[in-house]
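Peer 1: I'd like to ask some things about the structure below.
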Amino acid sequence: MYYSIAIDGPAGAGKSTIAKCLAQKLGWVYIDTGAMYRAVALCCLENDVDISNETKVTNQINNISINIAYINKEQHIFLNNKDVSTDIRNQEVSLAASKVAVFHSVREALVKLQQDLASKGNVIMDGRDIGTVVLPNATVKIFLTASSYERATRRYKEQLEKGIIQDFEEVLKEINHRDELDYKREISPLKKADDAYGVDTTGYSIEQIVEEILILCKKGENNSD
Ligand code: DC
């Protein structure tokens, strides 16, 4: 049996940074499930598929291949055999990903891929429905939160470090809009699993949170002995 850590939470809560750091410390594989929804969204955008039309999006997902590979221990995502790891990281794709993620067909296909990956080794997986749907028996479940103001501030600074200047109010608006889509969708909404530990990252450093989660993991391992 393999161990798994499920990390869920809203956009910008620090999931991927924390999950990567944990994966490095534990020597486990990090699986970024948001990248998969982003790849579906990118494919729809590139092919002018109406992302509000479930039938058309379903048609698209039935005719594409999404694969994950690890290059220098970093997750890369391939859409129809093309590495799209960089192309999926922009605002247009972020919003489109939240929109295609409401469809049952999209979730069904991606959850299957995620469960398949988790069946092959110890993993840390982040997303919105990992503790509730994808890995209901995860060894440890974490629900990361932070105020939307803090999350927008982090996003704004991250972009600034990349030389991208954005309007802060716009960043905050986008975070709030994605929260609305992720929390309120009918299928597998963003939700804390009953047995997940809630961790509010507001005002804490990455190192402090990683340490806290490692302590929770120790408890989880002891409980599963
Ligand atoms: O984590 P992220 O920002 O890369 O995710 C992009 C979108 O994908 C997010 O707004 C909602 C969706 N998503 C999801 O519905 N379920 C997941 N497990 C991961 C992401």
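Peer 1: Considering only the stretch 92-112, state which residues are surrounded by 15 or more Cβ atoms within 10 Å (Cβ to Cβ) and either out of contact with any helix residue (DSSP H, G or I) (no Cβ under 6 Å at 6 or more places or on another chain) or on the phi > 0 side of the Ramachandran plot (or both).
Peer 2: Ser94, Leu95, Lys99, Val102, Arg107
Peer 1: Checking the conditions here, which among Asp167, Asp200 is more than 14 Å from the ligand (Cβ to nearest atom), out of contact with any helix residue (DSSP H, G or I) (no Cβ under 8 Å at 6 or more places or on another chain) and free of Cβ contacts under 8 Å to residues at least 12 places away in the same chain?
Peer 2: Details: Asp200 fails: free of Cβ contacts under 8 Å to residues at least 12 places away in the same chain.
Only one candidate passes the filter, namely Asp167.
Peer 1: Oh, and also: Out of curiosity, is Ala11 surrounded by fewer than 24 Cβ atoms within 10 Å (Cβ to Cβ) and of a type outside the set (S, T, N, Q)?
Peer 2: Considered against the rule, which asks whether it is surrounded by fewer than 24 Cβ atoms within 10 Å (Cβ to Cβ) and of a type outside the set (S, T, N, Q), Ala11 comes out as yes.
Each value in this text was obtained by applying a stated rule to the coordinates, not by laboratory testing. Because the structure is predicted, anything quoted here is derived from the model rather than measured. Don't worry about glycine lacking a Cβ; one is built from the backbone with ideal geometry, like all the others, and counts go over all protein chains shown.
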